[in-house]
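Asker: Below you will find the structure I want to go over with you.
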Amino acid sequence: MEAVEEKKEEQKEEGEQKEEGEQKEEGEQKEEGEQKEEGEQKEDGEQKEEEGEQKEEEGEQKEEELKALEDSSELHDLEKKLSVEQICFPSDVPDFDWSSIDTSELPDSYKTNSPREKKMLRIADHYQRQYTHLCPERKPLFLHPVNECGVEKFVSTTVRPTLLPYTELYHWDGCASFVSDYLTMEPLKSPLTPPSSLYSPTTILKYQRGNCFDFSVLLCSMLIGAGYDAYCVNGYATQSICSLDETLEVCPLLRKPQEKPKEEVKKSSKYRIKPLPEVYSKFELQQEAKKKAETEKKEKEIGMEVEEPKRDRLCGLRVHAWVLVLSGKREVPETFFIDPFTGNSHSTTNEQFLGIESVWNHKNYWVNMQDCRNGCKDLAFDLSDIVRWEVMLSDTDKPFQRLLGAEKEKELFDRNVDDTEDEEEEEEEEEEIKFAMPSSWVAPIQISPKEFETRCSQGRKVTLYKKAKLEKWAPYLNRNGLVKRLTIYADSNYTNAVEVKEWFKNREDMLDRREVNKQTQMTTEYFSPGHPLGLKVHTYKSMDPQTERVIEFYTETRVDGLQKLAENDSEMKEYFVGRDDFKYFQHTEFRTKKKKVTLVDTRADANSRPIVQIMERFHRNLQKPADEDVAERVFLLEEDVIQLIYHLKNKYITASKKDFFKPAESYRKQSEIMTPDMCVTYQAGFPEQRTKLVPLYKLLQELTEEEKRMKQQVWRSQAEVLKILETRESEEADIKLSASIYDTERNEKKRQEYEAMLNAKKDDLPGQTGQDVDYLAPFLIQIGNPEKLTKKQALRLKEDCLSDFKNRLVAKANIMQARFEKEVEELQKKNQQFQEKRNQLSEEEEAEFLAGYSETMFRIHILALRLDREKQTAPQRYLALEEKLRNDPRIAEHLGHP
């Protein structure tokens, strides 16, 4: 058979070569004719055609180079070079010798194959031979590499679906982030071929390192365990993806979310006003172009130009493994890729993923039969489509379609082969089709809380991005609680830092994030809810008092409703929300003076700055008329003037206003008479009229008292700022980290309290440790608690104990029965009343009745369950007590039991 097939194949290949030679001759003749016609065309057309021919020639040269690389020894030389050179790999990670790992304690499933696994390997070999025969131009499939014990294992059985007991690992982004942080990346020995070994996820987790295939199998196991429809992918990707080179990528923390443009609803109107044309200044455009050219020139001089990726000679040939997540399960709306090295998600049309050979999960294996000339853009991921995806094992009883279809398959077999041999092969194929994937040979994946918390190898991880460096630490590794730092640079050499962002965890001062702008020297601190002073955001240049700063508060923690306070050396602005007096803004101006150091136990206004004026603004109070509702109130302290501006009345363009001029202090001591010159009034909408002096005098007195109160309030605000600065300095000087009460390793205080409580319990019950309650004690007291029992006393104790226990069981059951009957009776009464007054009840009364009805039904259901359980367990408990009495050494000798 094999000889016949080889002869036929040689004949077909010779025929195909002849046909190709004829086609080439025809193509050459056509090209000569086209060249003659092109000579007669115009010069413009000739130039365009020459450019097109040059592009075609360049493309053909590239293809020929790649083919030559594959067919010649240059490809092997490149493999050797790439296996030696280090491209953007972390230099601080030492090399690891996988041959030195200890496999003696691994389970037997790692060292041997079960009968089902052996059969699966035979099916995979048969599938591989068929695939190689039908697709000789494609690379061999990645089917059964060896594991850490040197035993061949099918790739699908290496996937071990696992759901770990951590909330973060229930979502795909949490799983991807954990895998990318926990493991250390190792490059493939040969970038052009898949690895010859694939270790178990448990071994990979133990040593915290692996290649892209190890990353993908572990991540796929976690995602399938979390309920996602995930698959491992064997394919091809760009050099930056395969080598984990993110120096040309923007850091994910700096990527701005895409803003969806708001669709403006166009109002249909018969008459529309033409929009004004946009006017541009040519001079301004020229100036902007000059500035842009100058900045680009400076960047080139300094060496800050954006680096472009170099041309990769092996583009499209570099092997990579990643994870495919299909839509459907876990409410995934769209199919996407996950790069296990970075943990980032990518669209299936991403240009960095150049092709797919095969995909697999814990149940099956699929080969991609689609064209990958355009990468993964045009691929369809419907794995049930047997034309695009060739499946290895089929769960259905339908005829199995082979790699190139039934018609081509028949042509490949010899028609003169005996029918008996065909029938045997068909039976073997049917067995392969119906065969189910063996269960995973990998031990259960386990991650301890300490390992989950530590995350990064050695507790630290550094990633370089485009002009940015991201550092990560394990919690509690740094004394200040620092877990993440992002440094943004102005150049690609990571020398000129522009901005630093830091993230913190478990700090008692509730500091969550700090951002430092190196250019403006501005520091911004963000706090989580819970700070003793209610801090939310603190922006400052210096911690010295009376300098520029902005402080935001959690308004829920403040009585005065203060939301934000902004101050510098000459003014203070305060913003309020939710106040009963409708005040929302206060502006205080100071006269600058020399700064003084605040001393402890001094008055709040000892170092306060002289106040020039205080301005307040209020929201509209609809319960008052507009001309009586103050909108703005200004206290000019140095000029002794108080200004009141009221809210605008409806359909008015001017507001009412009152200006009070306080008399000199000497005049106030001599007389308290109000004169018309002391108040200037403007009433909007009314002619000039004199207002009575008595109401104005009373209002002036109220405003004078309010002025004193406002001065004190400003002094308190200054003292509060000083207190905040002092508190923050003390917190930064002595940083304390908090620990959960369940974390006994770090929470020493709670652990000591727990141990003291256990010791106290032991001291309170000496001799009672590990012993049950003496159930005969009440009955022994009734007979005088004798040291030794007679037979009569022993029988009496037994009967009394059993009788008492029986009475208690009956009483408990009677109580439950009575409550059950009472609830049923009340339900019947309510139902009867509802039927009688059903037509007279409102919707609210009907809803109230239905709510009460459901509660009563719930109580009846619970009582019925308890009563039923009591009836079932009571006889068993009675017999258990009787057996315990028989075995009691105090009365056993009198009952005839040893």
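Asker: Give the residues of segment 143-171 that are open to solvent by 20 Å² or more (accessible area, probe 1.4 Å) and touching a strand residue (DSSP E or B) at 6+ places or on another chain (Cβ under 6 Å), sorted by residue number.
Answerer: Within segment 143-171, 144, 146, 152 meet the criteria.
Asker: Among the residues that make up segment 176-191, is at least one of them assigned to a loop (DSSP other than H, G, I, E, B) and acidic (Asp, Glu)?
Answerer: Step one: of segment 176-191, the residues assigned to a loop (DSSP other than H, G, I, E, B) are 183, 186-191.
Okay, now just the ones that are also acidic (Asp, Glu), so 186.
Within segment 176-191, one or more residues are assigned to a loop (DSSP other than H, G, I, E, B) and acidic (Asp, Glu).
This table checks each residue for (1) assigned to a strand (DSSP E or B); (2) closer than 30 Å to residue 103 by Cβ.
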position	(1), (2)
195	no, yes
202	no, yes
213	no, yes
218	no, yes
224	no, yes
234	yes, yes
240	no, no
249	no, no
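Asker: Go through (1) out of contact with any Pro (no Cβ under 8 Å at 6 or more places or on another chain); (2) crowded, with 19+ Cβ neighbours inside 10 Å; (3) of a type in the set (Gly, Ala, Ser); (4) touching a residue at least 40 places away in the same chain (Cβ under 8 Å) and name the single condition residue 210 misses.
Answerer: The number of the failed condition is (4).
Asker: OK, next. Can you tell me which residues in segment 538-578 are under 29 Å from the mean Cα position of the chain (by Cα), without any contact (Cβ under 8 Å) to a residue 24 or more places away in the chain and open to solvent by less than 20 Å² (accessible area, probe 1.4 Å)?
Answerer: Matches in segment 538-578: 553 only.
Asker: Among the numbered criteria (1) in contact with a Ser or Thr (Cβ under 7 Å, 6 or more places away or on another chain); (2) under 20 Å from residue 235 (Cβ atoms); (3) not in a loop (DSSP other than H, G, I, E, B), which one does residue 140 miss?
Answerer: Result: residue 140 fails condition (3) only.
Asker: Let me ask something else about it. Restricting the search to segment 81-111, which residues are at pLDDT below 50, in a loop (DSSP other than H, G, I, E, B) and either touching a Pro at 6+ places or on another chain (Cβ under 7 Å) or among the charged types (D, E, K, R) (or both)?
Answerer: If we filter segment 81-111 for residues that are at pLDDT below 50, which is where we start, we get 82-93.
This time we only want the ones that are in a loop (DSSP other than H, G, I, E, B), so: 85-93.
The answer is 85, 89, 92.
Asker: In segment 479-510, how many residues are in contact with a Leu (Cβ under 9 Å, 6 or more places away or on another chain) and assigned to a loop (DSSP other than H, G, I, E, B)? Steps first, please.
Answerer: Our first condition is that a residue be in contact with a Leu (Cβ under 9 Å, 6 or more places away or on another chain); within segment 479-510, this holds for 479-481, 483-488, 494, 499-510.
Filter again for assigned to a loop (DSSP other than H, G, I, E, B), leaving 479-481, 494, 505-506, 508-510.
Matching residues across segment 479-510 total 9.
Asker: If you scan segment 564-578, which residues turn out to be under 25 Å from residue 591 (Cα atoms) and not charged (D, E, K, R)?
Answerer: The answer is 565, 566, 568, 570, 572, 575, 576.
Asker: Would you say residue 794 is closer than 16 Å to residue 862 by Cα and part of a helix (DSSP H, G or I)? Steps first, please.
Answerer: Numbers: closer than 16 Å to residue 862 by Cα: no; part of a helix (DSSP H, G or I): yes.
In short, no.
Asker: Another question, then. Mind checking which residues of segment 342-354 are crowded, with 21+ Cβ neighbours inside 10 Å and over 24 Å from residue 182 (Cβ atoms)?
Answerer: Once the filter is applied, which keeps residues that are crowded, with 21+ Cβ neighbours inside 10 Å and over 24 Å from residue 182 (Cβ atoms), segment 342-354 yields only 354.
Let's see how each residue does on (1) of a type in the set (Val, Ile, Thr); (2) within 30 Å of residue 776 (Cβ to Cβ); (3) open to solvent by less than 50 Å² (accessible area, probe 1.4 Å):
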{"position": "805", "(1), (2), (3)": "no, yes, yes"}
{"position": "844", "(1), (2), (3)": "no, no, no"}
{"position": "871", "(1), (2), (3)": "no, yes, no"}
{"position": "876", "(1), (2), (3)": "no, yes, no"}
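Asker: Provide a single number: the residues in segment 365-378 that are surrounded by fewer than 20 Cβ atoms within 10 Å (Cβ to Cβ) and of a type in the set (A, V, I, L, M).
Answerer: Of the residues in segment 365-378, 1 are surrounded by fewer than 20 Cβ atoms within 10 Å (Cβ to Cβ) and of a type in the set (A, V, I, L, M).
Asker: Here is a further query. Somewhere in segment 673-681, is a residue at pLDDT 85 or above and in contact with a Ser or Thr (Cβ under 9 Å, 6 or more places away or on another chain)?
Answerer: yes
Asker: For segment 451-478, which positions are buried (at least 16 other Cβ atoms within 10 Å of the Cβ) and in a strand (DSSP E or B)?
Answerer: The answer is 461, 463, 464, 465, 468, 469, 470, 471, 472, 473.
Asker: Still on this structure: Please determine whether any residue of segment 612-624 is closer than 20 Å to residue 707 by Cβ, open to solvent by 60 Å² or more (accessible area, probe 1.4 Å) and at pLDDT 90 or above. Break it down into steps so the answer makes sense when it comes.
Answerer: Step one: list which residues in segment 612-624 are closer than 20 Å to residue 707 by Cβ, which gives 612-618.
Now narrow it down to the ones that are open to solvent by 60 Å² or more (accessible area, probe 1.4 Å): 617.
Subset that is at pLDDT 90 or above: 617.
Yes, that holds for at least one residue.
Asker: Does segment 746-753 contain at least one residue that is at pLDDT 80 or above and assigned to a loop (DSSP other than H, G, I, E, B)? Give the steps one after another, and end with the answer.
Answerer: So in segment 746-753, the residues at pLDDT 80 or above come out as none.
No, segment 746-753 has no match at all.
Asker: Based on this model, can you work out whether residue 467 counts as of a type outside the set (S, T, N, Q), on the phi > 0 side of the Ramachandran plot and at pLDDT 90 or above?
Answerer: On the way: of a type outside the set (S, T, N, Q): yes; on the phi > 0 side of the Ramachandran plot: yes; at pLDDT 90 or above: yes.
Answer is yes for this residue.
Asker: What number of residues within segment 846-896 are within 20 Å of residue 774 (Cα to Cα) and not in a helix (DSSP H, G or I)?
Answerer: The number of residues fulfilling the criteria is 5.
Asker: Kindly indicate which of 646, 652 is touching a Gly at 6+ places or on another chain (Cβ under 8 Å) and either at pLDDT 85 or above or within 20 Å of residue 618 (Cβ to Cβ) (or both).
Answerer: On the way: 646 fails: touching a Gly at 6+ places or on another chain (Cβ under 8 Å).
From the options 646, 652, the qualifying one is 652.
Asker: Taking residue 714 and the conditions (1) open to solvent by less than 60 Å² (accessible area, probe 1.4 Å); (2) modelled with pLDDT under 85, which numbered condition does it fall short on, given that it satisfies the others?
Answerer: Here residue 714 clears every test but (2).
Asker: Sticking with this structure for a sec: Hey, does segment 514-532 have a residue that's more than 25 Å from residue 488 (Cα to Cα) and crowded, with 17+ Cβ neighbours inside 10 Å?
Answerer: Our first condition is that a residue be more than 25 Å from residue 488 (Cα to Cα); within segment 514-532, this holds for 529-532.
Keeping just the survivors that are crowded, with 17+ Cβ neighbours inside 10 Å gives 531.
Yes, segment 514-532 contains a residue that is more than 25 Å from residue 488 (Cα to Cα) and crowded, with 17+ Cβ neighbours inside 10 Å.
Asker: Criterion first (at pLDDT below 90 and under 25 Å from residue 185 (Cβ atoms)) does residue 351 satisfy it? So that I can check it myself, show each step before the final result.
Answerer: On the way: at pLDDT below 90: no; under 25 Å from residue 185 (Cβ atoms): yes.
It is false that residue 351 is at pLDDT below 90 and under 25 Å from residue 185 (Cβ atoms).
Asker: Counting only residues that are open to solvent by 20 Å² or more (accessible area, probe 1.4 Å), under 30 Å from residue 568 (Cα atoms) and either outside any loop (DSSP other than H, G, I, E, B) or β-branched (Val, Ile, Thr) (or both), how many does segment 647-665 have?
Answerer: Result for segment 647-665: 2.
The values are calculated or read from the model by the stated rules, or taken from the named source; none is laboratory data. In this text the structure is predicted, and so the values were computed from the model without any measurement. For neighbour counting, all protein chains shown are included, and Cβ atoms are generated from backbone atoms with ideal geometry for every residue, glycine included. Side chains included, ligands, DNA and RNA excluded: accessible areas come from the protein's heavy atoms. Shrake-Rupley method; radii C 1.70, N 1.55, O 1.52, S 1.80 Å.
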